[in-house]
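First the structure, in the form of structure tokens, and then the observations on it.
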Amino acid sequence: MTMRRWAIWLFVALGAGIVAPTTAVARQSSHDATQPPTGQLPAGALDAHPVVALTFDDLPAAGSLPPGENRTEILTTLASELKANHLEGTYGFVNAVKLVDNPDAQLALSVWVNAGMNVGSHTWSHMSLSDNPAEAFENEIALNEPALAKYADPRDWHWFRYPFLREGDTLDKRRAVRAYLKQHGYRVAQVSLDFEDYAWNNAYGRCVAKQDEAAIAWLKQSYLETAEEYIRLGREEQRIAFGHEIPNVMLLHATAFTTLMLPDLIDQLHGEGFRFAALPEVEQDPAYALDPDAALKYGGTLPDQFMDSRHLKYPPFKPKPFDKLKTLCQ
Ligand SMILES: [Zn+2]
């Protein structure tokens, strides 16, 4: 689950009324691999052939369970949807604490890897680096390893997704954990697209319990509309932060609701011209080797981190319907 967007969203929503419409500028044709050009405004049209790797956080148990569902059913369905779209090898980032004394969660993760999907680390207990010292965070990375090695065997599991996308609220912490990850053979699974898909799941569970079909229809519609809006925003941020779009990594969560919506989301991505690629392939792009090297309490996607640390102006965007999601079907 991620919370950092709240602060960014509030800040930008408040400012949205005074943000001028964006002006088209010539797209930069090349960039220095060590330092992104910053400050360009987005060009008018987005790339016709964008690329995305889907990734799923908080395995084996993301979000609350709707009535009558279990973790094994959810990950079985999610893996079969991915296979139906030839997306074997998709990464799921694991908090191994969720496996303890939970046979359903253990079976769910076995199903995931046996279906050809991969696992990476998301720390033992989803620790926030902004609220804990680097040493405690590193201990959580180490504590997560036996389970990853067991489930991934013999495949590689040395990809790391920071919980809440928080990479350090001080430069010392940021640099210490990055050095630790590198020393222990991890690559950071950076994110370029995030619409906080997890935020629909609890409302969905409540609406299922109430059998409120109209509310569930709204949840589905607003989920896809929000995905569309924040995919556009993420791509425009890349134009501002890097001077061009980059191959994408989308953050999703292995919740019941995202599992329900994934076929529609994949259809929508196809409709926007996306083709799918594997995480290791996408992260070979030089942009993913860039390090904003900034202390950021709320972290964010890689483009967010450049936008915030370089004080770049976000394009206008619609806020997410968090207020309605919190109260729907209560
Ligand atoms: Zn998470």
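So if I check each of LEU279, LEU328, LEU290, which one is in contact with a helix residue (DSSP H, G or I) (Cβ under 7 Å, 6 or more places away or on another chain), at pLDDT 95 or above and aliphatic (A, V, I, L, M)? Spell out how you get there, then give the answer.
Working: LEU279 fails: in contact with a helix residue (DSSP H, G or I) (Cβ under 7 Å, 6 or more places away or on another chain); LEU290 fails: in contact with a helix residue (DSSP H, G or I) (Cβ under 7 Å, 6 or more places away or on another chain).
Only one candidate passes the filter, namely LEU328.
Filtering the stretch 263-288 to residues that are among the aliphatic types (A, V, I, L, M) and either within 22 Å of SER130 (Cα to Cα) or touching a Gly at 6+ places or on another chain (Cβ under 9 Å) (or both) leaves ALA278, LEU279. Of the listed requirements (1) open to solvent by 10 Å² or more (accessible area, probe 1.4 Å); (2) within 18 Å of PHE56 (Cα to Cα); (3) not aromatic (Phe, Trp, Tyr), GLU283 misses just one: (1). Scanning the stretch 47-90 for residues that are under 19 Å from LEU107 (Cα atoms), out of contact with any Gly (no Cβ under 9 Å at 6 or more places or on another chain) and not in a loop (DSSP other than H, G, I, E, B) yields ARG71, THR72, GLU73, ILE74, THR76, THR77, SER80, GLU81.
Residues checked against (1) within 16 Å of the ligand (Cβ to nearest atom); (2) polar (S, T, N, Q):
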| position | (1), (2) |
| --- | --- |
| LEU107 | no, no |
| SER110 | no, yes |
| VAL113 | no, no |
| MET127 | yes, no |
| GLU140 | yes, no |
| PRO146 | no, no |
| TYR151 | no, no |
| TRP159 | yes, no |
| TYR162 | yes, no |
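Within the option set ALA147, ALA62, being crowded, with 17+ Cβ neighbours inside 10 Å, touching a Leu at 6+ places or on another chain (Cβ under 8 Å) and among the small types (Gly, Ala, Ser) holds for one residue only, ALA147. Residue count for the stretch 210-242 under the criterion of being open to solvent by 30 Å² or more (accessible area, probe 1.4 Å), over 14 Å from LYS320 (Cα atoms) and without any contact (Cβ under 8 Å) to a residue 24 or more places away in the chain: the result is 4. One residue alone among ARG232, ARG239 is among the basic types (Lys, Arg) and either under 22 Å from ASP291 (Cα atoms) or touching an Asp or Glu at 6+ places or on another chain (Cβ under 6 Å) (or both), and that residue is ARG239.
Let me confirm something: among ALA289, ALA277, which residue is open to solvent by 30 Å² or more (accessible area, probe 1.4 Å), under 30 Å from ALA48 (Cβ atoms) and aliphatic (A, V, I, L, M)? Spell out the reasoning first.
On the way: ALA277 fails: open to solvent by 30 Å² or more (accessible area, probe 1.4 Å).
Answer to the check: ALA289.
For PHE195, the conditions (1) away from the ligand (no atom under 16 Å from the Cβ); (2) touching a residue at least 60 places away in the same chain (Cβ under 8 Å) all hold with the exception of (1).
Among the listed residues GLU228, GLU167, identify the single one that is within 16 Å of the ligand (Cβ to nearest atom) and within 25 Å of PRO315 (Cα to Cα). Of GLU228, GLU167, the one residue that is within 16 Å of the ligand (Cβ to nearest atom) and within 25 Å of PRO315 (Cα to Cα) is GLU167. List the number of the failed condition for ASN102; all other conditions in (1) touching a Gly at 6+ places or on another chain (Cβ under 9 Å); (2) surrounded by 15 or more Cβ atoms within 10 Å (Cβ to Cβ) hold. So ASN102 meets the others, but not (1).
Among the criteria (1) under 24 Å from ASP308 (Cα atoms); (2) surrounded by fewer than 22 Cβ atoms within 10 Å (Cβ to Cβ); (3) in contact with a Phe, Trp or Tyr (Cβ under 9 Å, 6 or more places away or on another chain), the one MET250 does not fulfil is (2).
The values are calculated or read from the model by the stated rules, or taken from the named source; none is laboratory data. Please read these numbers as outputs of a predicted model, since none were measured by experiment. Heads up, the Cβs are rebuilt from the backbone with ideal geometry, glycines too, and the neighbour counts pull from every protein chain shown. Please note that ligands, DNA and RNA were not included when accessible areas were found on the heavy atoms of the full protein model with its side chains. Shrake-Rupley method; radii C 1.70, N 1.55, O 1.52, S 1.80 Å.
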